[in-house]
Amino acid sequence: MATDSIQEQFLELIKENNGIIHKVCHLYCHSTQNRQDLFQEILLQLWKAFPKFRNESKISTWMYRIALNTAISDFRKQQRRIGTVDGALPESAGLYDHDLIEQKERLVVLQRAVNHLSDIEKALVMLYLEEKDYHEMEEVLGIKQANLRVKMSRIKEKLRRQVEQM
Amino acid sequence: MELEYLKEVWKEAANQKEIIVLGREEVSEIPAIRSQSLVSGMRRNLFYELVIVLSCVVAIAVFYFISFGGMLKEVSWAYILLAVAFIIYYYKKNKLLKAMGCPACMVKSNLRLQLVTLEKYVRLYLLAGTALAPVVMLFFYILFYYKHIVLFPAMHAKGGGIGFTLLYLLFTSIFTIVFYFLNRWYVNRLYGRHIQKLKSLLQEMEE
């Protein structure tokens, strides 16, 4: 009975926040197989950690931590992740549906630029794109806010230069 | 600005994200998923290592108990002692692996914890692996002594037991040193790259 209740709560949690897991998988894995493997691994880690979750932090913060920790420090999968750098970010079906070739090209260039970032920089970019404030970024990554601001401006500059070169 | 543009795309993509079909049945199957994480892999390998070592040790111990009319049963006891030592070694390594990583912690703390624990794990691996060489050599020395086994009769006749003991000590020292460097190379091959990766990630976070 207790297990059923936990399963029910966990199912709700995943249904409401599965976008977090998908985004992390898309950002760190380049092949469908690797994405599926990472998705399963994150799900397993979430399941293991779920009974210990005490609402001390926001549920999204907790999920980002687990998803990013799994993606970043899992070196076994890292070796298999080497491959094409295209398509690591979720594709925007809306943009592709329209005949906006210029926009599509711009997006591909940006995707490539993001994929050239380090694992830590990718995590930062993802939290930025998710419109997390610096306090929450610090809660997830453990990097001081002042340092985060510096890093963020460096990343923006890096992306700008990479886009120019492409 | 590039990132601002990407933010719009990201938002749009989030709304059209793949929908995962996760029902009660799938959730009940999650505990059975075979983890592909580094630590889980290491724990599985460690367990297989324990099973293989214990199986071999038991077989060898039984062989020496039964064979040679029980003349070499000391060898069996030595192997049983080795098995006990290996169980302690397994326990310590498994404990370190259990402590390696905290997925719900901040990314930086988790990386630091993983690095510190992995370095402890590697030290234990290196220490135990190197210690094995002199322990085995000491065991054979004691066995030769008590069983009056003379390996080099000519040397024994000439200089007595001292010459042999000194030569044995020299050989043990060389063997231990070679074994240490072999172990170090192997441990570095196994975990060196990951330790370096963790260090560089932490350095990047602190810069």
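The values are calculated or read from the model by the stated rules, or taken from the named source; none is laboratory data. On a predicted model such as this, the values are computed, not experimentally measured, just so you know. All Cβ positions, glycine included, derive from the backbone under ideal geometry; neighbour counts span all protein chains shown.
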Would you point out which residue out of B:L138, B:L81, B:L143 is outside the structural domain of B:K199 (by TED's automatic domain parsing), part of a helix (DSSP H, G or I) and surrounded by fewer than 17 Cβ atoms within 10 Å (Cβ to Cβ)? B:L81
B:Y121 passes all but one of the listed conditions (1) within 10 Å of chain A (Cβ to nearest Cβ); (2) within 11 Å of the chain's Cα centre (by Cα); the exception is number (1)
Any chance the stretch B:105-127 includes a residue that's of a type in the set (S, T, Y), within 30 Å of B:T172 (Cα to Cα) and assigned by TED's automatic domain parsing to the domain that holds B:F175? yes
B:I177 - would you say it is part of a helix (DSSP H, G or I), free of Cβ contacts under 8 Å to residues at least 24 places away in the same chain and farther than 30 Å from B:S37 by Cβ? yes
Got at least one residue in the stretch B:5-22 being more than 30 Å from B:P134 (Cβ to Cβ), modelled with pLDDT of 85 or more, of a type in the set (A, V, I, L, M) and part of a helix (DSSP H, G or I)? no
Residues being out of contact with any Lys or Arg (no Cβ under 9 Å at 6 or more places or on another chain) and either modelled with pLDDT under 85 or assigned to a loop (DSSP other than H, G, I, E, B) (or both): count how many of those fall in the stretch A:36-63. 5
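Please verify whether B:K98 is within 19 Å of B:S40 (Cβ to Cβ) and surrounded by fewer than 13 Cβ atoms within 10 Å (Cβ to Cβ), treating the condition exactly as stated.
yes
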Can you confirm whether A:D4 is among the acidic types (D, E), part of a helix (DSSP H, G or I), modelled with pLDDT of 85 or more and more than 21 Å from B:M205 (Cα to Cα)? no
